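Just below is one structure, and these are the notes that go with it.
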Amino acid sequence: KKLGAALARRDIERGFIPDVVIPIPESGRFHAIGYHQEFCRQLNEGAINKIPLYDEALLKYPYAGRSFTLSTEEARELEAQIKLMVSGEDYYQDLEVVVCDDSLVRGVQTRANLVPKLRQLGIKEIHFRISYPELRSHCPWGKTTKRGEVLAEKFPTKQERINYLKIESLEYNTIRDLVEAIGLPRENLCIDCALEEINKPPF
């Protein structure tokens with residue numbers, strides 16, 4: 001929730017108030033709730049006069065497995081296709097929608113599966129808000145991602161990633177946001193994948 005609130009504060013500062021905020025279930029739910037609650041808090045304080053609707057336009061098929069951890073792209077894409085279903089409601093036509101998720105790693109499932117499903121709802125603008133900082137490299141400890149797979153390795157600039165994903169905007173939290181939200185010292189966190197250089201000392 002704290003990470004979602006941090007991104008909401010930045011959107012409010014730049015004057016961007018979406019029509020709807022939705023999570024990617026289940027990984028983005030509390031992030032989306034925190035994002036929405038920050039708008040509610042600032043509305044109550046009189047800082048803004050409008051808030052986005054919180055809704056769940058995507059439903060998770062409860063018997064699907066984790067697509068992120070599968071070893072091949074083909075298996076990940078198949079599981080992703082099964083995992084998320086779009087809502088049957090039709091009021092998203094021509095709306096600006098913020099989509100909250102915990103991380104953006106390879107981007108392949110997002111581009112090939114998730115974004116087209118959201119466009120089916122008639123959403124005019126898709127704005128991704130990612131709670132974890134930019135993944136700048138693969139995991140140097142051999143967990144899940146391999147060299148060359150991470151989206152930022154393929155597309156170094158944020159605008160390139162926006163173009164690749166076919167969305168309207170993309171924002172991440174910072175490492176400082178992450179540290180403050182967790183409440184542990186930075187030196188206790190494994191954040192090597194979020195650093196600019198894979199061989200750079202983490203602290």
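The values are calculated or read from the model by the stated rules, or taken from the named source; none is laboratory data. The model shown is predicted, which means the values in this text are computed figures rather than measured ones. For neighbour counting, all protein chains shown are included, and Cβ atoms are generated from backbone atoms with ideal geometry for every residue, glycine included. Quick note on the areas: whole protein, heavy atoms, side chains included, nothing else; ligands and nucleic acids left out. Shrake-Rupley method; radii C 1.70, N 1.55, O 1.52, S 1.80 Å.
L59 meets each of the listed conditions (1) open to solvent by less than 80 Å² (accessible area, probe 1.4 Å); (2) of a type in the set (A, V, I, L, M, F, W, C); (3) at pLDDT 70 or above apart from (1).
Considering segment 84-105 alone, what residues qualify as being of a type in the set (A, V, I, L, M, F, W, C), in contact with a helix residue (DSSP H, G or I) (Cβ under 9 Å, 6 or more places away or on another chain) and open to solvent by 20 Å² or more (accessible area, probe 1.4 Å)?
At the first step, the residues of segment 84-105 found to be of a type in the set (A, V, I, L, M, F, W, C) are 84-86, 95, 97-100, 104-105.
Still in the list and also in contact with a helix residue (DSSP H, G or I) (Cβ under 9 Å, 6 or more places away or on another chain): 84-86, 97-100, 104-105.
Within segment 84-105, M85, V86 qualify.
Cβ-Cβ below 7 Å, separation at least six or inter-chain, first residue in segment 21-38 and within 12 Å of F128 (Cβ to Cβ), second open to solvent by 40 Å² or more (accessible area, probe 1.4 Å) and hydroxyl-bearing (S, T, Y): which pairs? These pairs meet every condition: V21/Y54; A32/Y54.
Being open to solvent by less than 60 Å² (accessible area, probe 1.4 Å) and closer than 15 Å to A194 by Cβ is the filter here, so list the residues in segment 150-160 that pass it. Talk me through it step by step, then tell me what you get.
Step one: list which residues in segment 150-160 are open to solvent by less than 60 Å² (accessible area, probe 1.4 Å), which gives 150-152, 155.
If the condition is that a residue be open to solvent by less than 60 Å² (accessible area, probe 1.4 Å) and closer than 15 Å to A194 by Cβ, then V150, L151, A152 are the ones that fit.
Filtered by the rule that a residue be surrounded by fewer than 20 Cβ atoms within 10 Å (Cβ to Cβ) and among the aliphatic types (A, V, I, L, M), segment 106-120 gives V108, A112, V115. Just for segment 108-129: of the residues that are closer than 20 Å to A32 by Cα and among the β-branched types (V, I, T), which one is modelled with the highest pLDDT? My answer is I126. Against the numbered list (1) touching a Phe, Trp or Tyr at 6+ places or on another chain (Cβ under 6 Å); (2) at pLDDT 95 or above; (3) of a type outside the set (A, V, I, L, M, F, W, C), E134 comes up short only at (2).
Only helices (runs of 4 or more DSSP H) whose full extent lies in segment 98-203 are considered here, and the ones with at least 1 residues that are of a type in the set (S, T, Y), under 20 Å from L84 (Cβ atoms) and in contact (Cβ under 8 Å) with a residue 24 or more places away in the chain are 158-165.
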